[in-house]
Each structure stands twice: as structure tokens, then as C-alpha cells.
1. With every protein chain left in place and a probe of 1.4 Å, what is the accessible surface of L67, to the nearest 10 Å²?
2. Could you list which residues have their amide H under 5 Å from that of V35, counting only those 5 or more apart in sequence or on another chain, with H placed in the peptide plane?
3. Note down the magnitude of the dipole of the chain about its Cα centre, charges +1 on Lys and Arg C-beta and -1 on Asp and Glu C-beta and zero elsewhere, to the nearest 20 debye.
4. Could you provide, to the nearest whole Å², the per residue accessible area of the chain with probe 1.4 Å?
5. Under the Karplus relation 6.51 cos²θ - 1.76 cosθ + 1.60, θ = phi - 60°, what is the ordered set of whole-Hz ³J(HN,Hα) values for the range 53-66, x standing for Gly and Pro?
6. Got a sec? Charge dipole of the chain, +1 on Cβ for Lys and Arg, -1 for Asp and Glu; which of G10, G65, H36 is way out at the positive end?
7. Can you tell me the orientation of helix 18-28 relative to the chain, as the angle in degrees between its alpha-carbon axis and the longest Cα principal axis, to the nearest 10?
8. Going by the alpha-carbon gyration tensor, a ≥ b ≥ c the square roots of its eigenvalues, is the chain rounded (a/c under 1.5) or, if a/c is not under 1.5, prolate (a/b greater than b/c) versus oblate?
Amino acid sequence: YSSQMFPTIGRIILVSDSYHMFRAERVFKRYYHEVHGYGSRPRLVLRIPNAYREVLALAYYWLKGRL
């Protein structure tokens, strides 16, 4: 919804967890000319289960044509 709220912005900076950045950048590139992502590295105990979830999310987004 950010591209609708700010239609004149052509570039954006994303900040999220590193495992999520691949998908987030691809989704935002559909709406913005220039996208830069910066990911943090959460603790390993959080990174492992979230990385597995992200694999499923990537498959879902790919099947829905959102990547």
C-alpha cells in the first residue's frame, strides 16, 4: 500500500531480517524503480525456523505470480 500512499516516490530502502530480504526486494521492485534492502541477522535460534518458513513463502508468492 505504500506505493499508493506515496505515488511520487521512485526509490525505497527496506529494512528487515536478512532471511526475508530476498522476497521483500522482489515484491517491492514491482512498485518502485529502485529498491535497496538491508537485512539484520537475528539470533540463530530465530533464524533457522524463519528461514524454513521463508522457503514456503517464496513458493507461495511464486505460484501466485507476486515475485
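The values are calculated or read from the model by the stated rules, or taken from the named source; none is laboratory data. Treat the numbers as computed from the prediction; the structure is a model and nothing was measured. Cβ placement follows ideal geometry from the backbone for every residue including glycine, while neighbour counts extend to all protein chains displayed. Side chains included, ligands, DNA and RNA excluded: accessible areas come from the protein's heavy atoms. Shrake-Rupley method; radii C 1.70, N 1.55, O 1.52, S 1.80 Å.
1. Here the accessible area works out near 70 Å².
2. I12
3. Around 140 debye, computed over the chain.
4. Result: 81 Å² of accessible area for each residue.
5. Ordered by residue, 3J(HN,Hα) equals 5, 5, 4, 5, 5, 4, 4, 4, 5, 5, 5, 7, x, 9 Hz.
6. Positive-most Cα among the choices belongs to G65.
7. 30
8. Oblate is the answer for the chain, as a/c is 1.5 or above yet b/c matches or exceeds a/b.
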